[in-house]
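The values are calculated or read from the model by the stated rules, or taken from the named source; none is laboratory data. These numbers come from a predicted model, not from an experiment. Here the Cβ positions follow ideal geometry from the backbone for every residue, glycine too, while neighbour counts run over all protein chains shown.
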Amino acid sequence: MRKSTTTTRRSFLGQAGAGGLALVSGSAWADTTVELPLPGGPRERALTTAFPQKATMILQRTRPPLLETPFEVFDRGVFTPNDQFYVRWHWAVIPTEIDVASFRLSVSGHVDKPLSLTLNDIVDGLPRVELAAVNQCSGNSRGFSQPSVAGAQWANGAMGNARWMGVRLKDVLDRAGVKPGALQARFAGLDQPVVDGAPKFMKSLALDHARDGEVMIAYAMNGEQLPLLNGFPLRLVVPGWYSTYWVKMLDRIEVLATPDENFWTKNAYLIPDTPGADMTPGQAGVKMVPINRMVPRSFVTNLKDGATIKAGAATALRGIAFGGAAGVKSVDISLDNGVNWRPTMLGSDEGKYSFRQWQTDITPPAGAVTVMVRCTNSDGLAQPKTMNWNPTGFMHNAIESLHLTAA
Amino acid sequence: MINAAQVGFGAAILAGVVLAIIGHPGPQDLPAPVTTASPSKPQGFVLKSVSVELPTSDITFPGGAAADAINANCLSCHSAGMVLTQPDLAKATWAAEVDKMIHAFKAPIDQANATAIVDYLSETKGAK
């Protein structure tokens, strides 16, 4: 696929703390495409540097942008650099200029005192909070669905972890004064549909969730203001929940006294109300519910599938894991198709919603070796052995297997 | 940039390290979300206005006249890339996708064009 385009104005924000980050590693430097290991469909994707404030990304769609994080980025630490943090937009009318002086966040609806807050009101006028949290697309890994399903054919890079800084949503809602009888808070951003009458992207949370003290309005990630494509100037952060709720360019909060009937809350982003959001293709009569809490995942990041390692010698394995809506309790590996598991050593704990690194080593004899890696979260929920299936390819989190040859 | 929040965050990490050394009593003890010790008047973070350009795509659907309907009706809302990288899907799945574009997302596509688009997708991306 050919990349059209135009001005590259990437990365004027730079990236703090990434430690001499190379854009792509080693021999991949000159690559213009990448092969995603997708079983059902075209594997080749363009690599692009054409997007503002972004380094090399996997191009899934130009407009509205769908940009996947190259997987090797996840080997470089638990925090995903802003300029390689994945991007996903629903509608193509996205403001390209944001003036911080004139921007306003409104709070309206079932409140005592509607608000129109400036960015100064938010940054300097409310308590500042920080939280490390994984942001993951509901459809991350959809490209591995078997049978295939329609939608962005992501590999595993529609996720990232950042240290978010901002204010508590609760503090903003308290300032407006939520009236008795309020049920939900609905969030919308500056993006708009192209076609008149199309449903503006909006998402709602139950009011108790919105006021839990963890849901944030972030104005910074990893110490810098957000890249425009990640939601500058304000983004909702809903720790432990899928990214569909993390509304970008947030400029409108409505407190609702009746259930939100808008398309994106009521009709989109639904999963089967079954364990692991699993069903069989064509299964009838399955109750569908809005996607919600994330589930645990883990990945090997320092070796690629198909790699050759040295037989009879210790080979280091490392990767990342996250617990979803709870912390990482353990990350275990199996070399015998899941019969026996042994624990790995966990890296520093940046908080229960963060990526956490793990490491171990293996010393396999000559021959084929399959490494399975499994995260169990602190609620006791472990990754399943087989991949779930649903018609939208949501909530994949099966145990990953890495096929190696020891020689 | 150093501020009270980050100092607080560092302290929490340190606490986590200490916990790790003395042994982790249980999952309930994972660090809580970190907040500033002193919530009044945070200072030192300045947002700057942003102006960017977003790239456009000039990719069209290949196939000559068979692609006329999809090229004329679909590219105003989204570029072709994600469609071209779809796996092969059943014709009913493509019909449902086009129906979603029309009825849920209000794409102004008449029936003749909708049929031509589904036919094109089924021909080029149909389950074999």
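Among the residues making up the range A:202-238, those that are more than 17 Å from residue A:293 (Cβ to Cβ), touching a helix residue (DSSP H, G or I) at 6+ places or on another chain (Cβ under 9 Å), away from chain B (no Cβ under 11 Å) and not in a strand (DSSP E or B) are A:207, A:211, A:222, A:230.
Across the range A:54-85, the number of residues qualifying as of a type in the set (D, E, K, R) and closer than 22 Å to residue A:351 by Cα comes to 2. Confirm whether residue A:76 is among the basic types (Lys, Arg), out of contact with any Gly (no Cβ under 7 Å at 6 or more places or on another chain) and more than 13 Å from every other protein chain (Cβ to nearest Cβ). Considered against the rule, which asks whether it is among the basic types (Lys, Arg), out of contact with any Gly (no Cβ under 7 Å at 6 or more places or on another chain) and more than 13 Å from every other protein chain (Cβ to nearest Cβ), residue A:76 comes out as yes. If you go through the range A:273-330 and keep only what is among the acidic types (Asp, Glu) and surrounded by 14 or more Cβ atoms within 10 Å (Cβ to Cβ), you end up with just A:278. Please state which of the following conditions residue A:123 fails to meet, knowing it meets all the rest: (1) of a type in the set (Val, Ile, Thr); (2) within 18 Å of the chain's Cα centre (by Cα); (3) assigned to a helix (DSSP H, G or I). Of (1) of a type in the set (Val, Ile, Thr); (2) within 18 Å of the chain's Cα centre (by Cα); (3) assigned to a helix (DSSP H, G or I), only one is false for residue A:123: (2). Look at residue A:155 and say whether it is more than 9 Å from chain B (Cβ to nearest Cβ) and surrounded by fewer than 24 Cβ atoms within 10 Å (Cβ to Cβ). Considered against the rule, which asks whether it is more than 9 Å from chain B (Cβ to nearest Cβ) and surrounded by fewer than 24 Cβ atoms within 10 Å (Cβ to Cβ), residue A:155 comes out as yes.
The single condition among (1) away from chain B (no Cβ under 13 Å); (2) within 30 Å of residue A:110 (Cβ to Cβ); (3) polar (S, T, N, Q); (4) without any contact (Cβ under 8 Å) to a residue 24 or more places away in the chain that residue A:267 does not meet is (1). Failed condition for residue A:218, given (1) buried (at least 24 other Cβ atoms within 10 Å of the Cβ); (2) of a type in the set (Gly, Ala, Ser); (3) without any contact (Cβ under 8 Å) to a residue 24 or more places away in the chain, with all others met? Condition (3) is where residue A:218 drops out. Filtering the range A:239-250 to residues that are touching a Leu at 6+ places or on another chain (Cβ under 6 Å) and more than 14 Å from every other protein chain (Cβ to nearest Cβ) leaves A:246, A:247. Can we say residue A:40 is modelled with pLDDT under 95 and crowded, with 18+ Cβ neighbours inside 10 Å? Answer is yes for this residue. Residues in the range A:185-214 that are in contact with a Gly (Cβ under 9 Å, 6 or more places away or on another chain) and hydrophobic (A, V, I, L, M, F, W, C): A:185, A:201, A:202. Can you tell me which residues in the range A:139-159 are on the phi < 0 side of the Ramachandran plot and small (Gly, Ala, Ser)? Correct list: A:139, A:143, A:145, A:148, A:150, A:152, A:155, A:157, A:158. Among the residues of the range A:126-149, are any surrounded by fewer than 24 Cβ atoms within 10 Å (Cβ to Cβ), assigned to a helix (DSSP H, G or I) and more than 14 Å from every other protein chain (Cβ to nearest Cβ)? Scanning the range A:126-149, I find no residue that is surrounded by fewer than 24 Cβ atoms within 10 Å (Cβ to Cβ), assigned to a helix (DSSP H, G or I) and more than 14 Å from every other protein chain (Cβ to nearest Cβ), so the answer is no.
Do the conditions hold for residue B:91, that is, is it more than 21 Å from the chain's Cα centre (by Cα), at pLDDT 95 or above and within 7 Å of chain A (Cβ to nearest Cβ)? Against the criterion (more than 21 Å from the chain's Cα centre (by Cα), at pLDDT 95 or above and within 7 Å of chain A (Cβ to nearest Cβ)), residue B:91 does not qualify. Against the conditions (1) in contact (Cβ under 8 Å) with a residue 12 or more places away in the chain; (2) over 29 Å from residue A:199 (Cβ atoms), residue A:35 satisfies every one except (1).
List the strands (runs of 3 or more DSSP E) inside the range A:302-407, counting only whole elements, that have at least 3 residues being aliphatic (A, V, I, L, M) and at pLDDT 95 or above.
A:315-322, A:328-334, A:367-377, A:400-406
Given the condition closer than 28 Å to residue A:242 by Cβ, surrounded by fewer than 18 Cβ atoms within 10 Å (Cβ to Cβ), away from chain B (no Cβ under 14 Å) and of a type outside the set (Val, Ile, Thr), answer yes or no: does some residue in the range A:361-378 qualify? No; the residues of the range A:361-378 include none that is closer than 28 Å to residue A:242 by Cβ, surrounded by fewer than 18 Cβ atoms within 10 Å (Cβ to Cβ), away from chain B (no Cβ under 14 Å) and of a type outside the set (Val, Ile, Thr).
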